[in-house]
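**Q** Below: one structure in structure tokens.
The values are calculated or read from the model by the stated rules, or taken from the named source; none is laboratory data. As the structure is a computational prediction, the values presented were derived from the model and not from experiment. For neighbour counting, all protein chains shown are included, and Cβ atoms are generated from backbone atoms with ideal geometry for every residue, glycine included.
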Amino acid sequence: MDTHAAYKSRWLPWVLLLPSFVILILFLYYPTIETFVLSLYQVAFLGLSKSFVGIENYKILFTDPEYLQIFKNTVVFAFFVVIFSMAVGLALSVLANQRVSGWRIYRLLLIWPYALSPAVAGVIFLFMFNPQSGIVNYLLTITLGIAPDWLTNPTLAMGLLVFVAVWKNVGYNVVFYIAGLQNLPGEVLEAALIDGATPWQRFWRVTFPLLSPMTFFLLIINTIYAFFEAFPFVDLLTKGGPSNATNILIFNIYRDGFEYYKTGMAAAQSVILFIAVVFLTILQFRVGEGRVHYGG
Amino acid sequence: MKRLATVVGLSALLGFAFAAEKVQITFWHAFGGGRTAFIQRAVEDFNYTHPGIEVKVEYKGSYRDTLNAAILAAKQGNAPHIVQIFEVGSQLALDSGIFVPIENYVPADLKFQLDDYIKPVANYYRIGGKFNSIPWNSSNPILYYNKDIFKKAGLDPENPPKTFNEVAQACEKIIASKAAPKCITWPLHSWFVEQWIAEQGALLANNENGRAARATNVYIDSEAMKRIMKWWKGLYDKGYYTYTGKPEDWDGANQLFVSQQAAMEITSTSDVTFMQNASFENGFELGTGFLPVPDGVERNGTVVGGASLWLTKGHPQEEQEAALTFLLWFTNTENMVRWHKGTGYFPVLNTSVKVLEWQNWFERNPAYRAAFDQLLQSKANRATQGALIGPFPEIRTIIENMVQEIFQGKDIAKALSEADAQADQALKRYNASVKK
């Protein structure tokens, strides 16, 4: 078979690909490689001076109980964020997919949080959950007579961060799940209905399996979200506190790199995060492939 | 074609001629909000009165962002001429090697201005006997209190607590009388801890706070620190002390005090102007007092906080001179008076103080007085000079984490010794990275 059928010149496809390559190399591959290289150096002042230390940075990280704690925090955070934002997203989409009056408004409102900038969301939540003057504790005091210290208690602080991260990302999942729901083959659902399946059965036996490609896609996207995009919430709400209870990998990388000037250590952590996410994604593909039903 | 070339050539020449006429200076600072406008106005004044120089001023975000941006720009060979750097970044700035020691370049006829700095400020910024940078915004912590709540609680509104025990006693009355839901707040920030260490005449690092030689040991596990933590933990456990839960939350602490959720706040003197306006808007009478100190300890004084202005290396002589001209103008007697009135930051020159006294400023604005007296009464010694530690930002986080652990119930002695070990480790790694 002639693979060059569409192009007369052997070079033309490469020329056409060149712009993409230039951008990928400059902004993706080069920084990635540079990060790998930097992780083997002890770097002072954002690169003004550096010396080769081999895997010293990694050794320091893996023997540091604080880093292991941060790693654990990240796993807990990512797990709950992914589970909740997808479950809530799916539940809300099923509800919003029904043709009740005002469905357009419901859908719009569900997507709204996603359109808000994370920084703004962080600041709003900070105000709302202020232990003394926030609206949440004000309402809790007059209704239940309690005023939890949201950010001072390690469990509550982590819970709040998960809540904010979920709240922010549910809209994204809703958009995709609604699209998925609307593209389901109507005849299959109709057949199930005629066969006398209950709504519960119809959802779990028909709708949910048919949605599996979407679920799989969202699982990967949400995992990446939980690992990489939670930075503003941590930075604005807790700064990793109380005493590292909410410090997660991405926040620690920023802090080591740009607040403490430990560029080498930050690079090593980026590499670890990179490997962790790549590993998770591959795992999801491996596990997911057998279970995802692409229809057709 | 030829004609076009001539025109292009001529205009290029003209361009050069114009460029040569005005020396362009860039100045990066870390002040947002109203202070940006304040600085902008001063710079416009300067440009108007110095036709040969054009200063361009840019707000670069936080202190850390500004320092990062400056180091990166220097690495790429286009550093701004003047950079504002926070006090704990001083050792970092020295080690980075991108700045010139400013005192060597001050012209002889302007040297007098360097001798005009009030002692505590000169004390902090003279490193190895020399000014490496020009002191600019200086502040330290004072006690702000709500006189109306004090009256309600049956406390003397003209006599704020001066020691740790007095704070605890006042809190007991305030909470018992329900004059306010919480008694006292301050941002959970290492800065306050550093100040209380200095007030006790203790050091935060070896080699005389890193002033005699590079510091190699951080003193967190100390008696002075224990005293602070015991008191703080006591206030927290009794529900007297409150904070938002987020470390270094300056705005959050101000919000608690201004909304009258807390009767007292300890925070920077640079907020005097803000507090006066806010107390007026919220309808309560504001009082200020000295930073409360541990009982049975002689008040030693506070460390000057804030930032100074540094001159970067590697510019043509003419630009360097212009930058220096601007710096010395920007921090001269008149401008320091304006700066103090507009913000609450100290007038750092003796002559500025004289002007303010002559104007009866402190009598007419008593809130500014406590701030200033406290600074002048600080004793000049290694403790109040403040520590020079390379990885200071990281050590601050270690201290803040330690405080939060203590709140959660960790044994104070254990928390202190663990934090001490962590800080020493951080310092060791930093020192190793600088030596290479």
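**Q** Which numbered condition in (1) buried (at least 18 other Cβ atoms within 10 Å of the Cβ); (2) within 21 Å of the chain's Cα centre (by Cα); (3) of a type in the set (G, A, S) is the only one that B:A224 fails?
**A** Just one mismatch for B:A224, condition (2).
**Q** Hey, can you tell me all the residues within region B:328-348 that are touching a strand residue (DSSP E or B) at 6+ places or on another chain (Cβ under 6 Å) and either of a type outside the set (A, V, I, L, M) or surrounded by fewer than 24 Cβ atoms within 10 Å (Cβ to Cβ) (or both)? Walk me through it before giving the result.
**A** Going through region B:328-348, the residues touching a strand residue (DSSP E or B) at 6+ places or on another chain (Cβ under 6 Å) turn out to be B:331, B:333, B:336, B:345-346, B:348.
Passing the criteria: B:T331, B:T333, B:Y345, B:F346.
**Q** Same structure again: Just for strands (runs of 3 or more DSSP E) wholly inside region B:239-350: which have at least 1 residues that are among the hydrophobic types (A, V, I, L, M, F, W, C) and within 17 Å of the chain's Cα centre (by Cα)?
**A** Working: elements: B:262-268, B:286-289, B:305-312.
Per the criteria, B:262-268, B:305-312.
**Q** Next question, about the same structure. Applying the selection to region A:30-45, what residues are surrounded by fewer than 19 Cβ atoms within 10 Å (Cβ to Cβ) and within 13 Å of another protein chain (Cβ to nearest Cβ)?
**A** none
**Q** Taking helices (runs of 4 or more DSSP H) that fall entirely within region B:22-100, which contain at least 2 residues that are within 14 Å of chain A (Cβ to nearest Cβ)? Can you show your working first?
**A** Numbers: elements: B:34-49, B:63-75, B:90-96.
The helices (runs of 4 or more DSSP H) meeting that bar are B:63-75, B:90-96.
**Q** Something else: Of everything in region B:382-421 that's among the charged types (D, E, K, R) and facing chain A (nearest Cβ under 8 Å), which residue is nearest to B:L188 (Cα to Cα)? It would help to see each step written out before you state the result.
**A** Let us first name the residues in region B:382-421 that are among the charged types (D, E, K, R), namely B:382, B:394, B:396, B:400, B:405, B:410-411, B:414, B:418, B:420.
From the residues that got through so far, the ones that are facing chain A (nearest Cβ under 8 Å) too are B:394, B:400, B:405.
Working: B:E394: 15, B:E400: 7, B:E405: 12 Å.
Out of the qualifying residues, it is B:E400.
**Q** If a residue has to be under 26 Å from B:T273 (Cβ atoms) and in contact (Cβ under 8 Å) with a residue 40 or more places away in the chain to count, how many in region B:100-159 make the cut?
**A** Here the count works out to 30.
**Q** Can we say B:P366 is crowded, with 22+ Cβ neighbours inside 10 Å and not hydrophobic (A, V, I, L, M, F, W, C)? First the steps, then the outcome.
**A** Details: crowded, with 22+ Cβ neighbours inside 10 Å: no; not hydrophobic (A, V, I, L, M, F, W, C): yes.
No: the conditions fail for B:P366.
**Q** When you scan region A:179-196, do you find a residue that is among the charged types (D, E, K, R) and buried (at least 19 other Cβ atoms within 10 Å of the Cβ), even just one? Before you say what the answer is, go through the steps one by one.
**A** Of region A:179-196, the ones among the charged types (D, E, K, R) are A:187, A:190, A:195.
Now narrow it down to the ones that are buried (at least 19 other Cβ atoms within 10 Å of the Cβ): none.
No, region A:179-196 contains no residue that is among the charged types (D, E, K, R) and buried (at least 19 other Cβ atoms within 10 Å of the Cβ).
**Q** Take A:G264 and decide whether it is assigned to a helix (DSSP H, G or I), under 30 Å from B:G89 (Cα atoms), more than 24 Å from the chain's Cα centre (by Cα) and within 14 Å of another protein chain (Cβ to nearest Cβ). First the steps, then the outcome.
**A** Details: assigned to a helix (DSSP H, G or I): yes; under 30 Å from B:G89 (Cα atoms): yes; more than 24 Å from the chain's Cα centre (by Cα): yes; within 14 Å of another protein chain (Cβ to nearest Cβ): yes.
Judged against the criteria, A:G264 is a match.
**Q** Only one of (1) within 20 Å of A:G240 (Cβ to Cβ); (2) basic (K, R); (3) touching a strand residue (DSSP E or B) at 6+ places or on another chain (Cβ under 8 Å) fails for A:K50. Which number is that?
**A** A:K50 satisfies every listed condition except (1).
**Q** Within region A:60-68, is even one residue surrounded by 14 or more Cβ atoms within 10 Å (Cβ to Cβ), closer than 30 Å to B:D95 by Cα and more than 14 Å from chain B (Cβ to nearest Cβ)?
**A** No: region A:60-68 contains no residue that is surrounded by 14 or more Cβ atoms within 10 Å (Cβ to Cβ), closer than 30 Å to B:D95 by Cα and more than 14 Å from chain B (Cβ to nearest Cβ).
**Q** Answer with yes or no whether A:A192 is more than 30 Å from B:S190 (Cβ to Cβ), away from every other protein chain (no Cβ under 14 Å), assigned to a helix (DSSP H, G or I) and at pLDDT below 90. Walk me through it before giving the result.
**A** On the way: more than 30 Å from B:S190 (Cβ to Cβ): yes; away from every other protein chain (no Cβ under 14 Å): yes; assigned to a helix (DSSP H, G or I): yes; at pLDDT below 90: yes.
Considered against the rule, which asks whether it is more than 30 Å from B:S190 (Cβ to Cβ), away from every other protein chain (no Cβ under 14 Å), assigned to a helix (DSSP H, G or I) and at pLDDT below 90, A:A192 comes out as yes.
**Q** Here's a follow-up. Whether any residue in region B:259-277 is crowded, with 17+ Cβ neighbours inside 10 Å, free of Cβ contacts under 8 Å to residues at least 40 places away in the same chain and more than 14 Å from chain A (Cβ to nearest Cβ) is what I want to check.
**A** no
**Q** Right, another one. Go through region B:406-436 and give me each residue that's free of Cβ contacts under 8 Å to residues at least 12 places away in the same chain and not in a loop (DSSP other than H, G, I, E, B).
**A** First pass over region B:406-436, keeping only residues free of Cβ contacts under 8 Å to residues at least 12 places away in the same chain: B:408-411, B:414, B:421, B:425, B:432-433, B:435-436.
Result: B:K414, B:A421, B:Q425, B:A432, B:S433, B:K435.
**Q** Need a quick list: helices (runs of 4 or more DSSP H) entirely within region A:2-113 having at least 3 residues that are touching a Lys or Arg at 6+ places or on another chain (Cβ under 7 Å) and of a type in the set (G, A, S). Give the derivation first.
**A** On the way: elements: A:12-24, A:30-38, A:56-63, A:65-96.
Hits in region A:2-113: none.
**Q** Also, quick follow-up: Could you list, in sequence order, all residues of region B:146-160 that are surrounded by fewer than 16 Cβ atoms within 10 Å (Cβ to Cβ) and of a type in the set (D, E, K, R)?
**A** Here is the first cut: in region B:146-160, the residues surrounded by fewer than 16 Cβ atoms within 10 Å (Cβ to Cβ) are B:151, B:154, B:156, B:158-159.
Correct list: B:K151, B:D156, B:E158.
**Q** Follow-up question, since we're still on this one. So if I check each of B:W191, B:W186, which one is within 22 Å of the chain's Cα centre (by Cα), away from chain A (no Cβ under 14 Å), of a type outside the set (V, I, T) and crowded, with 17+ Cβ neighbours inside 10 Å?
**A** On the way: B:W186 fails: away from chain A (no Cβ under 14 Å).
Checking each option against the conditions leaves just B:W191.
**Q** Oh, and also: Looking only at region A:14-24, count every residue that is exposed (fewer than 12 other Cβ atoms within 10 Å of the Cβ) and within 25 Å of the chain's Cα centre (by Cα) and tell me the total.
**A** Counting residues in region A:14-24 that are exposed (fewer than 12 other Cβ atoms within 10 Å of the Cβ) and within 25 Å of the chain's Cα centre (by Cα) gives 1.
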